[in-house]
Amino acid sequence: MIDSPQEMGTRLEQARQLGKVAVDTELVWERTFYPALGVVQLGVSREGCYLLDAVALEGQMQPLGDLLADADTVKILHDAVQDLTILRAATSASPVNLFDTRIAAGFVGLSSTISLRDLLLDLVGIELDKTETRTDWLRRPLADTQVGYAEDDVRYLVDAYDELWRRAKERDVEAWMSQEMATLDDAALYQERDPREEFRRVKGYGKMRGLELAALRELTEWREGAARSLDRPRGRVASDKLLLFLAQRQPTHIDDLAEVRSFRRRDIELHGQQIIDAVSRAVALDKEEWPSGPPNQRHDRELESRCRAAMERMREVAEDRGVDPGLVATRADVRGLVREGPEVGSGNRLMRGWRWGLVGEGLVEEFFRG
């Protein structure tokens, strides 16, 4: 375990000299809003695996941030976004030159949602031991089995990286894979979500309109702020179901909250006035300031038929090319392209890069009737 900035700097310089390094994290994230980072694993080879003690190094992780932001060193991760979001918070660095082995798998005949265990079994013939998945990574010292478990998560990733590129070259999809990896350099992927937009993630929000939706937005923004300041999971501050109920009822006095059976007196005392204030802000808005919900779409049999056919066509083309259809597009992507066509500014992934050449252009020509 590396617990000094000096030793960390030495290992990071080794990674820079080699030009590529595997990265992973181990954390505790059960009863808090923010994950508690316990260990950062670095791997430069099967024999060169190092664990950074994030507990001992708290507040001293900037050298790791410099490596993450180094454009000349490839950072290899599996399912990269969550780890990099956590590491950005710990280092304040925007990571670049990234390679996600999970995404890469989708270009070489494997699932783009494959687990690390299944990926390594396929690529390098190694089956990982997953007996330490419930470890408390904040406790010290770590047992030898815990250290070995953590090291194994990066031990074979450099080999996997090399094998994925070999298979990509064999299938002539290197350029596509490079394009997809370049999208991971977008710093916005690793920033905290906008509290004003969190209401769109509340299950059931799409059924609301008008003032109810405005109230839900204000209430959800309140919950987001409370969860962050208290460092508690969102659901432990207020459930989605409760937010929907409050947005519909729009209480104007704290006494009204006592009638909500799922709201405990302690929570009313702690959050009651903030909830009333959130509802009041929504009520005070002009109609023009109310948020919009998802578009109401009339059931159109002909459109639905074209969308189903286009989805099937996308799958056929992707599978014929050996690319995971789930990596190419979602049902919403395909539906949007069939409904709107190549509309500039639509943000549809099928209009950009390798996806356009592989299936997007063909779907427009075959199924869009503008």
Inset, instruction - Could you tell me which of the residues Arg11, Arg46 is surrounded by fewer than 22 Cβ atoms within 10 Å (Cβ to Cβ) and in contact (Cβ under 8 Å) with a residue 60 or more places away in the chain? - result: Arg46
Legend entry - Enumeration of residues in the stretch 313-350 that are of a type outside the set (Gly, Ala, Ser), part of a helix (DSSP H, G or I) and under 26 Å from Glu170 (Cα atoms): Arg313, Met314, Arg315, Glu316, Val317, Glu319, Asp320, Pro325, Leu327, Val328, Arg349, Leu350
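Would you check which residues across the stretch 8-60 are over 30 Å from Arg236 (Cα atoms), assigned to a loop (DSSP other than H, G, I, E, B) and in contact with a strand residue (DSSP E or B) (Cβ under 8 Å, 6 or more places away or on another chain) and list them?
Selection gives Gly19, Val44.
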Inset, instruction - Scan the stretch 182-196 and give yes if some residue there is under 25 Å from the mean Cα position of the chain (by Cα) and over 30 Å from Thr101 (Cα atoms), otherwise no. - result: yes
Inset, instruction - Would you mind telling me which numbered condition in (1) surrounded by 13 or more Cβ atoms within 10 Å (Cβ to Cβ); (2) under 25 Å from the mean Cα position of the chain (by Cα); (3) more than 24 Å from Glu192 (Cα to Cα) Lys241 fails? - result: (3)
Legend entry - Conditions (1) surrounded by fewer than 11 Cβ atoms within 10 Å (Cβ to Cβ); (2) farther than 30 Å from Lys169 by Cα; (3) free of Cβ contacts under 8 Å to residues at least 60 places away in the same chain: number failed by Lys287: (3)
Inset, instruction - Quickly run through the stretch 54-73 and pick out the residues that are touching a residue at least 60 places away in the same chain (Cβ under 8 Å) and either surrounded by 19 or more Cβ atoms within 10 Å (Cβ to Cβ) or assigned by TED's automatic domain parsing to the domain that holds Arg223 (or both). - result: none
Inset, instruction - May I ask you to list the residues in the stretch 56-96 that are over 14 Å from the mean Cα position of the chain (by Cα) and acidic (Asp, Glu)? - result: Glu58, Asp66, Asp70, Asp72
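To keep it simple, each residue is scored yes or no on (1) under 30 Å from Ala93 (Cβ atoms); (2) aliphatic (A, V, I, L, M); (3) out of contact with any Leu (no Cβ under 9 Å at 6 or more places or on another chain).
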position	(1), (2), (3)
Gly204	no, no, no
Val237	yes, yes, no
Lys241	no, no, yes
Leu246	no, yes, no
His253	no, no, yes
Glu259	no, no, yes
Inset, instruction - Evaluate the stretch 15-23: report whether one residue or more is surrounded by 18 or more Cβ atoms within 10 Å (Cβ to Cβ), within 21 Å of the chain's Cα centre (by Cα) and within 20 Å of Gly59 (Cα to Cα). - result: yes
Inset, instruction - State whether the residues of the stretch 290-310 include one that is in a helix (DSSP H, G or I), of a type in the set (S, T, N, Q) and within 30 Å of Gly210 (Cα to Cα). - result: no
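So, restricting to helices (runs of 4 or more DSSP H) that lie completely within the stretch 134-240, which ones have at least 2 residues that are aromatic (Phe, Trp, Tyr)?
Answer list for the stretch 134-240: 157-171.
The values are calculated or read from the model by the stated rules, or taken from the named source; none is laboratory data. These numbers come from a predicted model, not from an experiment. Note that each Cβ is placed from the backbone with ideal geometry, even for glycine, and that neighbours are counted across all protein chains shown.
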